[in-house]
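Below: one structure, written as structure tokens.
We did not get these values from a lab; they are worked out from the coordinates using the rules stated. Remember, predicted model here, so these are calculated numbers, not experimental data. Glycine also receives a Cβ, built like all others from the backbone with ideal geometry; neighbour counts cover every protein chain displayed.
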Amino acid sequence: MTERSKDVVVEKELSFGPVHPALIEPFRIRLFVNDEIVEDCELTINMAHRGVERLLEGLPVERALLITERVCGICSNVHAWNSVRVIESGLNIKVPERANYIRVLINEVQRIASHLIFFGHAFEVLGHETFSMRSFLLREVFMDLMAYIGGNRVMPSVPVIGGIRPRADLTESLKRVILERVDDFEKKYLEFVQRVLADPLVMSRLTGVGLLSKDEAIKYHATGPTGRSSGWDYDVRRMMYEYKPFDFNVIVLTEGDNKARVVQRALEVIESLKIIRQVVKNLPEGPIVNRDWVPGKMDFTTMYFETFRGELMHSYGLDSQGLIRNYKIRTPTPTNLAAMEKACIGDHVTDAVLTIASCDPCLTCCNRVEVIESGKTRIMSDIEIVRKYGWRR
Amino acid sequence: MDPMLFIAGIILSSIIATIIAVLYSLVLPGIERKLQARVQQRIGPPVLTPGWWAVLKFWYKGKAEPIAQMPLFYKSLIWLGITIVLLLFLFSTPYWWVVLGWGSVLGIAGFLKLEEVLYVLMGSQSQSILTTSMPINDLVKGAKIKGILREFVEQHSAERALKMMAIGSLPLYIALLVPFVAARSGMISDVIRVQNPVYFASSWFSLPLPSNPVILTVPGFLAAVVYFVGYLILLNERPFNILKAKIDVIEGGVLEYASKLRAGYYLMRNLLLFALSSIFVTLFIGIPFDPFMPLCLILNMILSLILPIAMAILVAFSPILTFRQIYPATVGLSALGVLALILSVSL
């Protein structure tokens with residue numbers, strides 16, 4: 001037994017992963033506990049380095065989409081869209097308004113699908129199989145919609161440079177189908193959310209557990225639903241011109257516990273439904289893609305985006321032949337997990353794993369940083385960098 | 001009774017009871033899983049798959065040596081567990097009631113306690129590669145806190161099992177006392193005599209129905225509810241499965257059992273599921289599992305479905321509770337059990 005301070009006694013270490021039946025993706029959790037109470041936590045996430053940025057180096061920019069969309073399976077559209085936003089911004093390519101509407105539509109459809117995956121996973125971690133399976137059942141509506149719009153349930157491949165693919169254009173019958181499916185979903189979803197919120201056993205597990213204050217959320221740059229459920233009113237969609245035509249609320253809760261992180265996402269789904277309805281009802285006529293551009297030299301350009309888990313950054317430049325140079329991607333998971341390392345302190349061991357899962361970590365798309373320290377090159381995970389150097393944009 | 005006749009009777013009844021109990025208990029998990037699946041709008045597995053075919057499959061799987069501090073001891077715990085559960089069940093059948101006086105509340109409670117101790121022993125032995133011994137560079141990088149015990153999750157599960165032994169299963173033992181207090185005796189035979197007086201005078205082909213089952217009284221009903229929750233705790237089922245919570249301690253102490261040992265574990269768990277259900281029917285409804293009275297035996301088996309069915313429905317709607325919730329829940333249930341116990345004095 002080692003004493004760290006007068007108040008904190010750490011009795012033992014419990015470690016599990018990266019291979020563990022409850023961890024969907026590979027990461028190592030080390031919990032330093034006193035009996036059942038977590039006194040400290042360490043997460044290691046550098047287990048799935050896929051070299052996406054290296055693969056992108058030197059590719060013609062038009063081909064980048066093939067890889068950027070595959071950075072993540074759950075938020076594939078987000079990476080594809082932000083990747084094309086970089087070049088559209090760098091080369092001043094004007095995107096038709098109709099294309100922007102459809103890009104927003106597919107993004108919100110995928111946001112709902114992602115949040116429902118979160119519910120499915122969170123309830124599975126909570127041990128509530130029925131709610132978990134119900135979440136996945138509800139999600140099917142949006143997987144189908146992605147297939148109807150983009151032709152594929154997981155990789156809809158809607159955005160291209162200058163607009164969207166022709167197959168993703170909305171017909172009148174498809175608009176009708178979307179509205180019908182969304183209306184039907186909303187009824188079932190509201191019933192489901194009410195049942196979850198009225199379940200005393202589930203609420204007793206979520207309430208007051210995994211507390212993350214607003215200051216800590218800002219300090220560790222816990223963006224997206226994680227930060228917004230701790231009272232940090234920050235949503236990149238407010239700054240995106242693509243979202244200007246739409247009326248929606250940014251859901252901000254102040255409790256900062258696991259319940260808030262679940263409720264925040266539950267309410268955000270309702271806002272996404274609002275946006276989907278606005279897109280379908282107000283979809284402007286006109287072209288869907290602008291082909292009037294030529295790849296050429298582009299300075300390093302960085303674009304930020306509100307993905308389903310928080311702030312996403314894509315940054316790259318083009319050389320004179322239009323080939324990609326120095327592609328950088330930063331996903332929200334490393335900073336969110338760094339915040340969760342703090343949030344789970346004081347929880348029971350079983351609750352701590354739930355707290356870590358409550359930031360909806362997506363690990364395979366976030367391990368790619370190489371750091372040169374004292375002349376020596378060393379691969380460091382993003383979370384190590386945040387821990388060591390703090391966060392800065 | 002002639003001693004030789006008694007010994008022959010006890011051997012025959014044990015063989016019949018064991019065969020029927022094992023075969024029937026392997027159907028129960030299938031019913032349980034099917035019900036859960038229907039609640040979750042799924043088709044679910046075929047009824048015989050989770051019990052029968054799972055045990056057969058594991059029985060013929062390739063041998064995998066468990067990683068444990070004392071592998072031989074760890075492996076023997078499964079067979080010890082099956083023996084304990086089988087004895088628990090046999091002592092609740094009529095021919096065994098008089099043997100050593102263990103057909104009593106003390107016999108049942110003693111065997112159940114032994115069964116609980118098994119999880120502590122299993123947890124303290126198992127050392128799966130999924131946790132501390134996983135070859136990963138976290139210590140090379142530098143431990144955040146140095147010089148402390150690095151515990152296997154199974155050992156943590158053993159600590160949880162110890163806590164559950166101390167407080168978690170208390171309600172079940174209190175509830176167990178109620179039929180005995182109502183009968184003013186510690187023996188199962190007296191409990192049956194009070195609830196089902198015609199049983200002892202019935203012929204082998206008759207169906208003696210209880211005239212005053214304790215479950216139909218207020219204290220009996222309260223005790224039955226408490227028994228049901230204790231049943232979930234003893235079977236480590238949700239919401240009380242903290243000692244085998246998948247998200248941290250995975251399967252707990254039974255994690256390293258594979259092939260024949262895994263089949264043995266399933267046998268033990270399913271047999272316990274049936275034994276506790278059958279004991280409930282015997283003590284609270286007054287219909288014992290009598291291998292020499294077929295109708296009585298069949299009725300006991302049918303009524304033994306009550307608890308697994310109720311459990312399947314509750315499990316489908318429950319998350320895992322942590323000790324934050326388990327402590328108040330068991331204290332509350334124990335209080336309810338004590339109330340039932342006090343009320344049962346007036347019966």
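Numbers at a glance
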read-out	value
Acute angle (nearest 10 degrees) that the helix B:218-234 long axis makes with the longest principal axis of chain B, alpha-carbon atoms	30 degrees
Computed FRET value (nearest 0.05) for B:Leu209 with B:Ile302, which takes r as the C-beta separation and R₀ as 22 Å	0.95
Cα-based shape type of the range B:258-347, given that a ≥ b ≥ c are square roots of the gyration tensor eigenvalues and the cut on a/c is 1.5	oblate
Axial C-alpha extent at least 15 Å, average Kyte-Doolittle at least -1.0 - helices from chain A (DSSP)	A:76-90, A:97-126, A:129-150, A:172-198, A:258-281
Residue order, fewest to most surrounding Cβ atoms within 10 angstrom, among B:Val178, A:Val279, B:Val331, B:Val194	B:Val331, B:Val194, A:Val279, B:Val178
Inter-probe distance in nm under a simple model that places probes 7 Å from Cα toward Cβ, at B:Ile10 and B:Ile313	4.1 nm
Rounded tilt (10° steps) of B:170-183 against the dominant C-alpha axis of chain B	10 degrees
Protection proxy ranking of A:137-144, A:166-173, B:12-19 - average other beta-carbon atoms within 10 Å, highest first	A:137-144, B:12-19, A:166-173
Label-point separation, A:Asp184 to A:Lys297 (7 Å along Cα→Cβ), nm	5.6 nm
Partner chain coverage, peptide A:120-133 - average Cβ within 10 angstrom	5
B:Thr322, B:Thr83, A:Thr223 arranged by Cβ crowding within 10 Å, fewest neighbours leading	B:Thr83, B:Thr322, A:Thr223
For a label point 7 Å along the Cα-to-beta-carbon line of B:Lys61, residues of the range B:11-49 with backbone N under 17 Å	B:49
Set of lysines near B:Lys57 by C-alpha distance (under 24 Å), chain-local residues within fewer than 8 positions excluded	B:Lys34, B:Lys75, B:Lys244, B:Lys246, B:Lys260
Inter-part distance where the range B:48-91 and the range B:168-242 are each reduced to a Cα centre, Å	28 Å
Quarter of Cα convex hull surface for the protein assembly as shown, i.e. mean projection, nm²	36.8 nm²
Average beta-carbon neighbours from other chains, 10 Å sphere, peptide A:348-359	4
Chain B: angle of helix B:28-39 to the longest principal axis, Cα-based, in degrees nearest 10	70 degrees
Inter-centroid distance (Cα atoms) of the range B:96-137 relative to the range A:75-115, Å	57 Å
Pair A:Met203, B:Val117: separation of 7 Å Cα→Cβ label points (nm)	4.3 nm
Length released on extending from B:Val338 to B:Asn137, taking residue separation times 0.36 nm less the Cα-Cα span	67.1 nm
Cβ-Cβ FRET estimate between A:Glu25 and A:Arg195, R0 fixed at 30 Å, reported to 0.05	0.55
Ranked list, fewest to most other Cβ atoms within 10 Å of each Cβ, for A:Met155, B:Met268	A:Met155, B:Met268
Segment A:Asn282-A:Ile270, extension gain: residue separation times 0.36 nm, minus the distance between their alpha carbons	2.5 nm
Gyration tensor (alpha-carbon) shape descriptor, the range A:164-300, a/c threshold 1.5	oblate
Over the range B:173-247: Rg over Rh, Cα atoms, Kirkwood Rh	1.14
Rounded if a/c under 1.5, otherwise prolate or oblate - chain A, Cα gyration tensor axes	oblate
Amide H within-cut-off set for A:Cys41, under 5 Å, with H built and near neighbours excluded	A:Phe32
